[in-house]
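**Student:** First the structure, which I've put down as structure tokens, then a few questions once you've had a look.
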2 protein chains.
Amino acid sequence: MPQCGVSLRRAYAYRRRIRYGAVMAPSPSSPEQPVTLRERKKLRTRRALADTAVTLFGERGFDGTPLDALLEQVEVSRRTFFRNFRSKEDVALTAVKELWGTYLEVVDATEKSGPLADVLLGAMLGTLERMDEDWYRRFPPTLRLIAGSPALDGHALRHCAETQTELVRRLGVPDRLELRLLIEFFVAAWRCALDEWLPDCPPGELPALLRRSCSSMASSLALEA
Amino acid sequence: MPQCGVSLRRAYAYRRRIRYGAVMAPSPSSPEQPVTLRERKKLRTRRALADTAVTLFGERGFDGTPLDALLEQVEVSRRTFFRNFRSKEDVALTAVKELWGTYLEVVDATEKSGPLADVLLGAMLGTLERMDEDWYRRFPPTLRLIAGSPALDGHALRHCAETQTELVRRLGVPDRLELRLLIEFFVAAWRCALDEWLPDCPPGELPALLRRSCSSMASSLALEA
DNA sequence: AGGCTAACGCCACACTGTGGCATTTTCGTC
DNA sequence: GACGAAAATGCCACAGTGTGGCGTTAGCCT
């Protein structure tokens, strides 16, 4: 609950991250099952950290919970934690990163034809269908964490921006400007849908909200004062 | 046992957290000239810090420059610095914050009539005219700093999001969803224009780039794969 | 069984940001 | 011009995050 201004503290190491875009662990959505005991163990602690983080931060607040509290509960050393996650924000945003990772995969596997706006929307709807029950349990608390901590919000926005850049790269189209504008617009619609979904997060209603948000895009341009 | 002191400190910080988005010093664009010597002195060190920060971070990189280097060069103690700025990122983003602060003022002073998209664009063009020469000298290096540091980018995105929220509040309109979509779209167009301006930042060409970006908004929605 | 190697834990350190308190500087007033 | 009040500053100590070094453990492979 104490949502202090401590949030600005975590900026330090985040600043120094040169290899920012590097992936530190195998993408959770890639279906490669860990075969060896070592890999299974590592994945288990990874999940335990991400899972405990959401609940623990949800109880005591992101800024008000020292990282040591999480480490103590999961019984992992600090060194091990930072081999699995890049920062305190990183572990808290696991669900968000999984979403966008899956979205990129779905976009790649989508047949690109017709209006690009429909392609982007369809891919997100497909992504929402692919996420499992466990993810839907972790995602709403994560959104509340983001809403309550400016530091987390900044990280989430930054990750979103990276995903957008990657989208532009993969959808490569002659007119870069219009493509980028379209993607920015779609992501904005996604965020608007999330905001309306956020208070109660009624399960199953997110696709409808997203559709409504996207269908308002055109008319918003003609909005009069 | 040390928990006692910690909780006290957190409680205090919690009170101060409320003015997270608040400006810590008199807005530089508000024409209130400081009359007393005390105010003039404070403003002078503020400007010195922001100015030196841009050049120093530009030379050695934002992540690679310890805050102490800046403090030593300006000959200010750490305590004084943090009374003027909330964080290392804050001082680096001074030019950006000045821009959006002025933008909000211009929007308030604008006659709202006709398409809101035109109002938003016109206000930004007016803002660009109002910024002085000193600002145009500091803004491009700031953009390069942002492009080179994910941490700065995250903070800039977050600040931008706050400004958008404030815009929605001030332009209060029955249909919040469409208004927010429009604002998100306009800011996206602004960012696109900045990206095209960024490499060389030819002076005076930014308004034209912004116009072009905005005029592409409608056609981007109809983009085909 | 035993070597190999990835993962781990522990320790020390750099850096950012905050509170407490004494000191200096400026303001308003006599 | 002097003086008390208020504000700004400097100095000190500390919490918290993230990193590198290095010895130790535990799973893997033959």
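**Student:** Within the set of pairs 6+ apart or on separate chains, which have a first residue in region B:105-124 that is more than 7 Å from chain A (Cβ to nearest Cβ), a second that is among the polar types (S, T, N, Q), and C-beta atoms under 9 Å apart?
**Tutor:** B:105/B:27; B:105/B:29; B:105/B:30; B:105/B:127; B:106/B:127; B:107/B:127; B:122/B:110; B:123/B:110
**Student:** Which members of region B:52-69 meet the condition of being surrounded by 17 or more Cβ atoms within 10 Å (Cβ to Cβ) and part of a loop (DSSP other than H, G, I, E, B)?
**Tutor:** Residues satisfying the conditions are B:62, B:63, B:65.
**Student:** Of the conditions (1) without any contact (Cβ under 8 Å) to a residue 40 or more places away in the chain; (2) within 14 Å of chain B (Cβ to nearest Cβ), residue A:76 satisfies every one except a single condition; which number is it?
**Tutor:** Here residue A:76 meets the rest and fails (2).
**Student:** Give the residues of region B:127-164 that are more than 19 Å from residue B:186 (Cα to Cα), among the aliphatic types (A, V, I, L, M) and in a helix (DSSP H, G or I), sorted by residue number.
**Tutor:** B:145, B:146, B:147, B:151, B:152
**Student:** For region B:84-117: of the residues being small (Gly, Ala, Ser) and closer than 22 Å to residue B:52 by Cα, which is surrounded by the fewest Cβ atoms within 10 Å (Cβ to Cβ)?
**Tutor:** Ranking the qualifying residues of region B:84-117, first place goes to B:101.
**Student:** I've got another one for you. Report the residue count in region B:37-51 for those that are surrounded by fewer than 15 Cβ atoms within 10 Å (Cβ to Cβ) and within 13 Å of DNA strand C (Cβ to nearest atom).
**Tutor:** 6
**Student:** Can you name every residue in region A:76-95 that is away from DNA strand C (no atom under 13 Å from the Cβ) and not hydroxyl-bearing (Ser, Thr, Tyr)?
**Tutor:** A:86, A:88, A:89, A:90, A:91, A:92, A:93, A:95
**Student:** Ok, one more. Here is a list: A:99, A:171, A:121, A:104. Which entry is modelled with pLDDT under 95 and farther than 21 Å from residue B:162 by Cβ?
**Tutor:** Residue meeting the stated conditions: A:171.
**Student:** Looking at region A:33-59, I want the residues that are in contact (Cβ under 8 Å) with a residue 40 or more places away in the chain and over 12 Å from residue A:73 (Cβ atoms) and have a partner that is within 9 Å of DNA strand D (Cβ to nearest atom) and part of a helix (DSSP H, G or I) with Cβ atoms under 7 Å, at least 6 apart or on another chain. Which pairs are those?
**Tutor:** Note: pairs meeting the criteria are A:50/A:91.
**Student:** Can you tell me which of (1) in a helix (DSSP H, G or I); (2) closer than 24 Å to residue B:157 by Cβ is the one residue B:118 doesn't meet?
**Tutor:** If we test residue B:118 against (1) in a helix (DSSP H, G or I); (2) closer than 24 Å to residue B:157 by Cβ, just (2) comes out false.
**Student:** Let me ask another. Do we have residue B:219 as among the small types (Gly, Ala, Ser), part of a helix (DSSP H, G or I) and modelled with pLDDT under 95 here?
**Tutor:** yes
**Student:** So, of the residues in region B:172-215 that are within 8 Å of chain A (Cβ to nearest Cβ) and not in a helix (DSSP H, G or I), which turns out to be surrounded by the fewest Cβ atoms within 10 Å (Cβ to Cβ)?
**Tutor:** Ranking the qualifying residues of region B:172-215, first place goes to B:175.
**Student:** A follow-up question, please. Mind checking whether some residue in region B:140-157 is open to solvent by 40 Å² or more (accessible area, probe 1.4 Å) and touching an Asp or Glu at 6+ places or on another chain (Cβ under 6 Å)?
**Tutor:** yes
**Student:** Restricting attention to region B:188-215, which residues are touching a helix residue (DSSP H, G or I) at 6+ places or on another chain (Cβ under 6 Å) and under 19 Å from residue A:222 (Cα atoms)?
**Tutor:** The answer is B:188, B:189, B:210, B:213, B:214.
**Student:** Of these, A:98, A:72, which one is away from DNA strand C (no atom under 16 Å from the Cβ) and assigned to a helix (DSSP H, G or I)? Before the answer, list the steps.
**Tutor:** Working: A:72 fails: away from DNA strand C (no atom under 16 Å from the Cβ).
It is A:98.
**Student:** Also, quick follow-up: What about residue B:106, is it β-branched (Val, Ile, Thr), out of contact with any helix residue (DSSP H, G or I) (no Cβ under 6 Å at 6 or more places or on another chain) and in a helix (DSSP H, G or I)? Lay out the reasoning, then the answer.
**Tutor:** Working: β-branched (Val, Ile, Thr): yes; out of contact with any helix residue (DSSP H, G or I) (no Cβ under 6 Å at 6 or more places or on another chain): no; in a helix (DSSP H, G or I): yes.
No: the conditions fail for residue B:106.
The values are calculated or read from the model by the stated rules, or taken from the named source; none is laboratory data. Remember, predicted model here, so these are calculated numbers, not experimental data. Glycine also receives a Cβ, built like all others from the backbone with ideal geometry; neighbour counts cover every protein chain displayed. What goes into the accessible areas is simple: the full protein's heavy atoms, side chains included, and nothing from ligands, DNA or RNA. Shrake-Rupley method; radii C 1.70, N 1.55, O 1.52, S 1.80 Å.
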